[in-house]
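A short worksheet on the structure shown next.
The values are calculated or read from the model by the stated rules, or taken from the named source; none is laboratory data. Just so it is clear, the structure is predicted and the values come from calculations on it, not from any experiment. For neighbour counting, all protein chains shown are included, and Cβ atoms are generated from backbone atoms with ideal geometry for every residue, glycine included.
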Amino acid sequence: MQNQNLPENSKLIFFLDKQKVSFKEKKFMQQKKWFKTLLVLCSFLYLNSNSSLANNLIIGSPTVVSGDLQFTIQWDNSWNTVVGPGNHDAVWVFVKKQVCGGNQSWDHAPLSNVSGNHSVTGGVLQVVAVNDGVGVFIRRSTTGNGNISSSTVTLALQTAANSVDNFQVFGIEMVNIPTGNFILGEGVSQYSFNGTTITAATQAAGFANANAYQSSGYGSTSALPAAFPQGFNSFYCMKYEVSQEQYVKFLNSLSFNQQVGRTNISPASAIGSWPIQNASPNNARNGIRIMTPGVATTTPAVYGCDLNVNGTFNEAADGQNIACNWLSWQDLMTYLDWVGLRPMTEMEYEKVCRGSGVPAVANEYAWGSTNLLQATSGALTNGGQGSEVSTASGNGLCAFGSSNSTTFGPLRCGFSAGAATNRVQAGASFYGVMDMTGNVFEQCVGGYNFNFSSFNGLNGDGTISANGFFNTANWPISGGGQSGGIARGGSFNSGVNELKISDRGTMTNNFNQSKQAVVGGRGVRIP
């Protein structure tokens, strides 16, 4: 039953089914993964060619056609609607290139920034280029909903593709967050914003007094200029938290020295070593391990998932679809820079959860109500698999309250959404973004008692430093209440207060200063 306190438009998530508005996720989000395809041409290539699924989303192997890259794309549960939230889903697609005979590094391959230079067959989709050419958005061209059948995409690179090189085409499912007013905070939760309405005028003027919008004066030490993303303007948000498979694909595309910067142990360590968690096997359900050791400075390691610790990697129950934890601020920022996204601000976090034109509800969670039902990794069906679900079901189902953050851990991304769940049952935000409450903490730009006013929302450019660190200008250097970052939304280990949309109590903790079991995140992008 829908919560009667919810505005009618907040009940629409993905599908309009005549008079009934509901949220649908086919096959429990079977095989929730970051899809990747690979054109294999060089014999020394160390990555396997495959196609992966996310919401039954598949990209076919790319081919070089007259200097362009061509591949197929399909996915389920796509939507574009002008009613309710009035938004759409999309796939952020970007390309990495490996020069045949080179040093095995994967470099970003910029795309044309003119939409007309790209194409897609079928008449349902369109390719939308972005000004910086880091990637493209692929989305529905008109209103509609349902599954996207296989369509052929042709992308024009800024430098024509060489048929002797290797290419990887990556994609991340995104959700459009439309332009619009929204309420920031409800003035009740710990350190909450005070219920200010963010409008076009607010965004244009910035905050002359950076603490003026907060109940307790906990904000930036300097004024926030108009360039600081307050959330009014349209942006895209990752539909899911970064998964363990997504992070593995990222690590496997780095050089040896870049891997050193993003792991706790040398990439040359023994098979089965745990690179990003604190050493213990299966610690907090993170199954990322070294599959093939690297060779210092020359050959990067190959990582894989082995949640069940049986030595066989990337099996069905090896947790590829579980939200990736143990991500420090530097880890997440570097990942986002590499994929061409950026960190969200805590204002944007609240916009994604609460929605535009929706009254703030005291103590509400991301699904717009105070309903809350515990899910833990100790009570699962098909644990570790792409079909992993909690044995519990009902309104406000959320991964929280696990008593031990070593034994327990996060669940599969989007685990609470089923074939017929509504927003409150699926734990979905106003716009259809999943797991904004619970599972793993979201790392956001914000907090208190330090200066984050220089952050201007610049998107990542697809490249990182040679030693594996993000290098986009004006991104905060670190998080955890130190120089620009705050954790929001709670985790699988949190109590009820940390889960609330408006709660900012974690800004006094160093949750995202180092790798910790409860911290993960996702990214956003200004179109």
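The residues of the stretch 292-311 that are surrounded by 18 or more Cβ atoms within 10 Å (Cβ to Cβ) and touching a strand residue (DSSP E or B) at 6+ places or on another chain (Cβ under 7 Å), listed by number, are A301, V302, Y303, G304, C305, D306. The criterion of being at pLDDT below 95, touching a strand residue (DSSP E or B) at 6+ places or on another chain (Cβ under 8 Å) and outside the structural domain of G84 (by TED's automatic domain parsing) does not hold for G427. I486 passes every criterion in (1) closer than 30 Å to V136 by Cβ; (2) modelled with pLDDT of 85 or more apart from (1).
Based on this model, can you work out whether G460 counts as on the phi > 0 side of the Ramachandran plot, assigned to a loop (DSSP other than H, G, I, E, B) and not aliphatic (A, V, I, L, M)?
Numbers: on the phi > 0 side of the Ramachandran plot: no; assigned to a loop (DSSP other than H, G, I, E, B): yes; not aliphatic (A, V, I, L, M): yes.
Answer is no for this residue.
Applying the selection to the stretch 106-138, what residues are under 19 Å from I58 (Cβ atoms), part of a strand (DSSP E or B) and in contact (Cβ under 8 Å) with a residue 60 or more places away in the chain? Scanning the stretch 106-138 gives F137, I138.
Listed by first and then second residue, the pairs linking a residue in the stretch 294-308 that is within 30 Å of Q385 (Cα to Cα) to a residue that is among the charged types (D, E, K, R) and surrounded by fewer than 18 Cβ atoms within 10 Å (Cβ to Cβ), with Cβ atoms under 9 Å apart and 6 or more places separating them unless they lie on different chains, are C305/E315; D306/E315; L307/E315; N308/E315. Touching a Ser or Thr at 6+ places or on another chain (Cβ under 9 Å), assigned to a loop (DSSP other than H, G, I, E, B) and either farther than 25 Å from M174 by Cβ or modelled with pLDDT of 95 or more (or both): is that true of N404 in this structure? No. Residues in the stretch 101-124: is at least one among the hydrophobic types (A, V, I, L, M, F, W, C), modelled with pLDDT under 95 and more than 28 Å from V433 (Cα to Cα)? Taking every residue of the stretch 101-124 in turn, at least one turns out to be among the hydrophobic types (A, V, I, L, M, F, W, C), modelled with pLDDT under 95 and more than 28 Å from V433 (Cα to Cα).
Name the residue, out of E350, E315, E346, that is of a type in the set (D, E), over 17 Å from T437 (Cβ atoms) and either under 23 Å from the mean Cα position of the chain (by Cα) or not assigned by TED's automatic domain parsing to the domain that holds N467 (or both). Before the answer, list the steps.
Values: E350 fails: over 17 Å from T437 (Cβ atoms); E346 fails: over 17 Å from T437 (Cβ atoms).
It is E315.
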